[in-house]
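Structure first, then comments.
The values are calculated or read from the model by the stated rules, or taken from the named source; none is laboratory data. If you're wondering where the values come from, they're calculated on a predicted model, not measured in any experiment. Cβ placement follows ideal geometry from the backbone for every residue including glycine, while neighbour counts extend to all protein chains displayed.
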Amino acid sequence: MNNLPKKLLIAASGTGGHLFPAIAVAEQLPEYQIEWLGVPDRLEQELVPRQYPLHQISVGGFQGKLSLKSSVQYFRIFAGLITAIFQVRKLLHQGNFVGLFTTGGYIAAPAILAAKSLGMPVVLHESNAIPGKVTRWCSRFCDTVALGFGAAAKYLPVGKTTIVGTPVRATFRSPQPLTLPISTPMPGDVTLIVVVGGSQGAIAVNKLIRQCAPAWVAAGAWLVHLTGDTDSDTGSFSHPHYLQLPFFDDMAALFQRADLAISRAGSGSLTELAVTGTPAILIPYPYAAEDHQSFNAKIFAENGAALLFRQADLTPTFLEAQVLDLIQNPDKLQVMKKAMQALAIDDSAERLAVILEQLIANNHQG
């Protein structure tokens with residue numbers, strides 16, 4: 001019996017911000033047999049089965065305020081939650097799992113409650129500066145709530161939290177060669193601006209960038225613009241030093257080479273920028289739940305690692321001038337780079353792995 005592998009269930013679903021940190025932690029647990037809990041038609045269907053067995057449940061989220069009009073929908077969501085709890089409980093019990101790790105989101109609720117009902121150790125990681133609803137609701141049932149930002153602690157039960165940063169994939173922590181799909185190699189000494197709108201792209205930001213790009217390339221910069229795959233204006237601006245792609249797989253190499261990033265402020269992207277020491281202009285997604293991207297970005301701006309601008313306040317003229325000022329004054333970028341590096345917690349995945357291992361060991365001893 002003692003020779004059987006220790007089995008850990010990871011519940012992480014939806015976006016790269018939930019999945020990549022969980023994968024980074026899983027990679028630090030070679031002695032465990034990892035299995036995954038996800039939902040249909042989300043990013044985990046593409047990423048997880050390459051490495052780990054994937055189990056699926058259906059679970060929805062509560063949005064907006066309860067009203068008579070929405071009460072039927074809420075009842076269905078609640079009924080689905082109860083069903084999902086029993087499904088996960090059965091999986092955990094029959095699979096002889098020894099613990100649960102989750103990165104929050106809707107899937108975390110049934111997973112945490114099922115594991116708690118079985119007396120299993122539960123670790124929840126919250127990457128944002130303002131915790132999501134599920135984290136706030138379910139944190140009391142967790143053994144540890146690991147935080148990406150210390151600012152989140154004030155929203156959560158006293159004594160439950162520990163600051164570990166947010167895990168990133170191993171490639172971000174070691175030098176990576178950058179290979180771009182261009183016929184003429186990019187010189188090593190040119191200023192590179194990288195524009196990234198998150199996993200869904202950012203059409204409003206894309207429009208701003210295309211209006212500013214002529215001035216930036218005229219100043220000698222190169223641009224790599226990741227537009228997402230829903231931007232109908234792709235191709236409306238072209239220049240030999242302007243490369244637009246829907247996505248780019250090797251973000252570690254791209255951020256490591258970049259002199260400046262223009263980005264949304266999801267916790268995953270911010271962590272990657274910090275680890276690679278990439279100065280940034282942050283434009284939080286204005287419709288993010290509870291405006292959490294603005295809270296994330298504010299921390300980086302207050303520490304001098306980034307400039308923070310709200311999308312509604314930006315004009316092409318203003319953004320163009322801000323970027324020109326930075327690329328024409330490398331000393332400013334260098335100060336931001338050092339501030340960005342100071343915010344990085346490089347061993348976040350290792351810290352979380354140790355927390356999980358200790359909790360599981362203590363649970364077995366008890």
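If you go through region 181-203 and keep only what is crowded, with 18+ Cβ neighbours inside 10 Å and farther than 30 Å from Leu29 by Cα, you end up with Thr191, Leu192, Ile193, Val194, Val195, Val196, Gly197, Gly201, Ala202. For region 27-50, filtered to residues that are assigned to a helix (DSSP H, G or I) and in contact with a Phe, Trp or Tyr (Cβ under 7 Å, 6 or more places away or on another chain), the residue that is farthest from Arg169 (Cα to Cα) is Glu44.
Residues that are at pLDDT below 95, among the small types (Gly, Ala, Ser) and within 24 Å of the chain's Cα centre (by Cα) do not occur anywhere in region 68-86. Among the residues making up region 129-173, those that are more than 19 Å from Thr271 (Cβ to Cβ) and aromatic (Phe, Trp, Tyr) are Trp137, Phe141, Tyr155. Going residue by residue through region 264-286, is there one that turns out to be over 21 Å from Pro167 (Cβ atoms) and without any contact (Cβ under 8 Å) to a residue 40 or more places away in the chain? The answer is yes, given that some residue of region 264-286 is over 21 Å from Pro167 (Cβ atoms) and without any contact (Cβ under 8 Å) to a residue 40 or more places away in the chain. Taking the numbered list (1) under 19 Å from Ser267 (Cβ atoms); (2) assigned by TED's automatic domain parsing to the domain that holds Val122 in turn, Leu308 passes all entries but (2).
Table: residues versus (1) at negative phi; (2) assigned to a loop (DSSP other than H, G, I, E, B).
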{"position": "Pro284", "(1), (2)": "yes, yes"}
{"position": "Asp291", "(1), (2)": "no, no"}
{"position": "Phe300", "(1), (2)": "yes, no"}
{"position": "Ala339", "(1), (2)": "yes, no"}
{"position": "Ile345", "(1), (2)": "yes, yes"}
{"position": "Gln358", "(1), (2)": "yes, no"}
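The lone criterion from (1) in a loop (DSSP other than H, G, I, E, B); (2) touching an Asp or Glu at 6+ places or on another chain (Cβ under 6 Å) left unmet by Ala215 is number (1).
When we screen Thr271, Thr315 for residues that are in the same structural domain as Val205 (by TED's automatic domain parsing) and either under 20 Å from His125 (Cα atoms) or surrounded by 24 or more Cβ atoms within 10 Å (Cβ to Cβ) (or both), the only hit is Thr271. Once region 270-282 is narrowed to residues that are assigned to a helix (DSSP H, G or I) and not β-branched (Val, Ile, Thr), the residue that is farthest from Lys207 (Cα to Cα) is Ala274. Set side by side, the residues Ala253, Ala261, Ala221 differ, and just one is over 17 Å from Pro185 (Cβ atoms), at pLDDT 95 or above, out of contact with any Asp or Glu (no Cβ under 6 Å at 6 or more places or on another chain) and not charged (D, E, K, R), which is Ala261.
Just so you know, in region 108-141 the residues that are in a loop (DSSP other than H, G, I, E, B) and touching a Lys or Arg at 6+ places or on another chain (Cβ under 9 Å) include one that is nearest to Thr166 (Cα to Cα), and it is Ala129.
Residues that are of a type in the set (S, T, N, Q) and within 21 Å of the chain's Cα centre (by Cα) were ranked within region 321-360; the one that is surrounded by the fewest Cβ atoms within 10 Å (Cβ to Cβ) is Gln341. Output the residue which, of all residues in region 132-160 that are without any contact (Cβ under 8 Å) to a residue 24 or more places away in the chain and under 19 Å from the mean Cα position of the chain (by Cα), is farthest from Ile112 (Cα to Cα). If we take residues in region 132-160 being without any contact (Cβ under 8 Å) to a residue 24 or more places away in the chain and under 19 Å from the mean Cα position of the chain (by Cα), then Gly150 is farthest from Ile112 (Cα to Cα). Among residues of region 328-350 that are closer than 19 Å to Arg257 by Cβ, those with a beta-carbon under 9 Å from a residue that is assigned to a helix (DSSP H, G or I) and among the polar types (S, T, N, Q) at least six positions away or on a different chain give the pairs Met340/Thr276; Gln341/Thr276; Ala344/Thr271; Ala344/Thr276.
Scoring Leu307 on the criteria (1) closer than 25 Å to Gly220 by Cβ; (2) over 20 Å from the mean Cα position of the chain (by Cα) leaves a single failure, condition (2). Consider region 220-269 and keep the residues that are assigned to a loop (DSSP other than H, G, I, E, B) and aliphatic (A, V, I, L, M). The one that is nearest to the chain's Cα centre (by Cα) is Ala265. Among the residues making up region 215-240, a single one is more than 15 Å from Val205 (Cβ to Cβ), out of contact with any Leu (no Cβ under 6 Å at 6 or more places or on another chain) and surrounded by 19 or more Cβ atoms within 10 Å (Cβ to Cβ): Ala221.
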